[in-house]
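The values are calculated or read from the model by the stated rules, or taken from the named source; none is laboratory data. Just so it is clear, the model here is predicted, and its values are computed rather than measured. We place every Cβ from the backbone using ideal geometry, glycine too, and count neighbours over all the protein chains shown. Calculation scope for accessible area: heavy atoms of the full protein, side chains included, ligands and nucleic acids excluded. Shrake-Rupley method; radii C 1.70, N 1.55, O 1.52, S 1.80 Å.
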Amino acid sequence: MNNSRKPQPNDSNRSIGPRDTVIVREGKILVLFAVLLPALLTMAGLVIDGSLMMAEYRGAQHVADAAATAAARVLQMEEGIAAAQQRAREVVQAENGLTDAEVSVNIPPEDGPYAGNANFVEVEIVQPTEIRFYNFVGGQRHQKVRTRAVAGFETSTAPAAIVVLDPDPKPFALPPLVGLPSLPSLLGGLEVLGAGQLRVDGALIVNTEWGGVDEDNNPSGNGPSPPYGASCTPLLSLTKVLARDIRVVGGVDDPKNYGHFTAGKSSPLTANSLPVPDPLANLPVPTTSVDPTNVVATSYGGVQVIGLPLLPPRVLNPGVYDWIEIVSGRVTFTPGVYIIRSVNPITQIGLNVLAGQVTADGVMFYITNNGGYSLGSGSPDSGDGETAPAAPGVGTLLPSAVINVGLLGSQYSGLDDPGSPFDGMMIYQRRQDRRPIVIINDDLLNNGSFGGRVYAKWGHVIVAGKGLFDASFVAGTMRVIALLNMTLAPSQPLPPAEDVYLVE
């Protein structure tokens, strides 16, 4: 019996056999980790901080885009460079909370393809940001995010024939007039009715915010129900409004009532558009200092003309009139500016052409509702500005002017003096005056003609009849009554609409 025992694993004299493996741990991984740790931290910092900085950059870029667009809109509305720069800073620092950002607003831009273009705004933002990880391995704790955007405005329509300015017109009605029935309150900021087509060789622009639908028949403005931004109420199914561009802030009654001036072209209607500024906002009121050639201080009081067709014409000269009424006969207005500052005490109308044969070439009628109008200073009309006047306060408004153009083939054309600020103007009504202006051309006997610009900033303009009008209109609201087909084709159109674009 063999009493010897096998060696145990913990025997100190254990020998190592050929099949035993020796595991030697020398600490290389720990050393490698210690060597690579700074690089790993650097990469992690780059990834994390880089992602955060990219997010901040994108946020800052959105803010720069918004600031440039907002500033360009202010510039487009002709509020000035200083106001546009201030608007950009408000968007960045107040509205988006980047209070510590450095904001540079350059008008015009200093770099890029739009450098030197005064219709564009360049906004540069430098926003400080704090590094969260990268600074632990020697990176800078503070960095700066730089962004840049350029926006501006460019032409987006054809030159305009009609510009309607009032965003929210006040209701009123008109009594029956010569050649027209009584008319109820407006159904649209621009209302077209009758039995014919209205053809506009130019753009038709409406700032009225009232509702309706857009070009795709979706609700627009303040809802699909009337009153509308623009309304076409045809008596016949063929009645339409045809123009090169139709731009409405609100909506229209039915897109099918609006088409292109050129047959075969797609609809020019664009609803939900931005409003346009008053294209005649900078036009001064007529004074002897503004236009000493055409404005005359001679006062003639109230004038009524009743004559026979075969007699020599009654000649009227530029100056100041309380009112003018033409009942019959022949009348010639010599070229210049006629200021009408009151009304006929019987008819309550300032300029009233009931009948007769009138020649008024190279003439502008300035109509004001203030009998104390000063030809020296233009007071009080010169202080009207952009503020809307109070609501009429009555249900029915009498017109300030009624002109029957076509009864005996009369002729009207705007002031013809390139050196005058009133060049091309036919009727200019005080801005704060809401009274209607009525122009009728029914061509009953011979063809009459009416041309020039009509301006009634907060007033209402009615054009009724048929035929061709070489005229353009800027009004608070407008109503067109097409007895048969009517065409507006101004030889001196108004400026086109412009839209703001983000270009860089």
Only one of V276, V249, V315, V320 that is in contact (Cβ under 8 Å) with a residue 40 or more places away in the chain, touching a Ser or Thr at 6+ places or on another chain (Cβ under 7 Å), open to solvent by 10 Å² or more (accessible area, probe 1.4 Å) and not acidic (D, E): V249
Which numbered condition T239 misses (of (1) under 27 Å from the mean Cα position of the chain (by Cα); (2) closer than 25 Å to N218 by Cα; (3) polar (S, T, N, Q)): (1)
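Quick one: would you say D245 is over 21 Å from the mean Cα position of the chain (by Cα) and either in a strand (DSSP E or B) or at pLDDT 95 or above (or both)?
No.
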Candidate set from the stretch 329-358 (those that are assigned to a strand (DSSP E or B) and open to solvent by 50 Å² or more (accessible area, probe 1.4 Å)); member that is modelled with the lowest pLDDT: Q357
Subset of the stretch 299-331 (residues that are touching an Asp or Glu at 6+ places or on another chain (Cβ under 9 Å) and of a type in the set (S, T, N, Q)): S299, Q304
Residue among L75, L46 that alone is surrounded by 10 or more Cβ atoms within 10 Å (Cβ to Cβ), among the aliphatic types (A, V, I, L, M) and modelled with pLDDT of 70 or more: L75
Tally of residues being within 21 Å of D166 (Cβ to Cβ), in a loop (DSSP other than H, G, I, E, B), open to solvent by 20 Å² or more (accessible area, probe 1.4 Å) and of a type in the set (S, T, N, Q) across the stretch 371-409: 1
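Could you identify the single residue in K256, K265 that is part of a loop (DSSP other than H, G, I, E, B) and basic (K, R)? Please lay out each step first, then the result.
On the way: K256 fails: part of a loop (DSSP other than H, G, I, E, B).
Among K256, K265, only K265 is part of a loop (DSSP other than H, G, I, E, B) and basic (K, R).
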Qualifying residue in the stretch 426-441 (condition: open to solvent by 10 Å² or more (accessible area, probe 1.4 Å) and under 21 Å from T334 (Cβ atoms)): no
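Quick one: which of V463, V454, V474, V500 is β-branched (V, I, T) and under 30 Å from A66 (Cα atoms)?
Details: V463 fails: under 30 Å from A66 (Cα atoms); V454 fails: under 30 Å from A66 (Cα atoms); V474 fails: under 30 Å from A66 (Cα atoms).
Only one candidate passes the filter, namely V500.
Go through the stretch 481-499 and give me each residue that's crowded, with 24+ Cβ neighbours inside 10 Å and assigned to a strand (DSSP E or B). Even if it seems obvious, please write down each step before you answer.
Here is the first cut: in the stretch 481-499, the ones crowded, with 24+ Cβ neighbours inside 10 Å are 482, 497.
Correct list: A482 only.
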Unique match (being of a type in the set (S, T, Y), surrounded by fewer than 21 Cβ atoms within 10 Å (Cβ to Cβ) and either modelled with pLDDT of 95 or more or not in a strand (DSSP E or B) (or both)) among T129, T99: T99
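Can you tell me how many residues within the stretch 196-205 are open to solvent by less than 10 Å² (accessible area, probe 1.4 Å), in contact (Cβ under 8 Å) with a residue 60 or more places away in the chain and assigned to a strand (DSSP E or B)? Before the answer, list the steps.
Going residue by residue through the stretch 196-205, those that are open to solvent by less than 10 Å² (accessible area, probe 1.4 Å) are 196, 198, 200, 202-205.
Going one step further and asking which of them are in contact (Cβ under 8 Å) with a residue 60 or more places away in the chain, we end up with 196, 198, 200, 202-203, 205.
If we keep only those that are assigned to a strand (DSSP E or B) as well, we get 198, 200, 202-203, 205.
The qualifying residues number 5.
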Residue match in the stretch 288-300 (condition: outside any loop (DSSP other than H, G, I, E, B) and over 33 Å from the mean Cα position of the chain (by Cα)): yes
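Just checking, how many residues over the stretch 206-235 are crowded, with 18+ Cβ neighbours inside 10 Å, in a loop (DSSP other than H, G, I, E, B) and small (G, A, S)?
Within the stretch 206-235, the subset crowded, with 18+ Cβ neighbours inside 10 Å is 206-215, 220-221, 227-232, 234.
Then keep just the ones that are in a loop (DSSP other than H, G, I, E, B); that gives 207-210, 214-215, 221, 227.
From what's left, small (G, A, S): 221.
Residues in the stretch 206-235 being crowded, with 18+ Cβ neighbours inside 10 Å, in a loop (DSSP other than H, G, I, E, B) and small (G, A, S): 1 in total.
So, in the stretch 148-195, exactly how many residues are farther than 29 Å from N404 by Cα, open to solvent by 10 Å² or more (accessible area, probe 1.4 Å) and outside any loop (DSSP other than H, G, I, E, B)?
Kept after step one, since they are farther than 29 Å from N404 by Cα, are these residues of the stretch 148-195: 148-158, 167-168.
Going one step further and asking which of them are open to solvent by 10 Å² or more (accessible area, probe 1.4 Å), we end up with 148, 153-158, 167-168.
In the following step, the residues that additionally are outside any loop (DSSP other than H, G, I, E, B) were identified as 148, 153-155.
Residues meeting the conditions: 4.
For the condition within 27 Å of L484 (Cα to Cα) and either in contact (Cβ under 8 Å) with a residue 60 or more places away in the chain or open to solvent by less than 80 Å² (accessible area, probe 1.4 Å) (or both), what is the one hit in G264, G259? Walk me through how you get there before you give the answer.
Values: G264 fails: either in contact (Cβ under 8 Å) with a residue 60 or more places away in the chain or open to solvent by less than 80 Å² (accessible area, probe 1.4 Å) (or both).
It is G259.
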Residue count for the stretch 442-470, restricted to those that are surrounded by 22 or more Cβ atoms within 10 Å (Cβ to Cβ) and not in a strand (DSSP E or B): 1
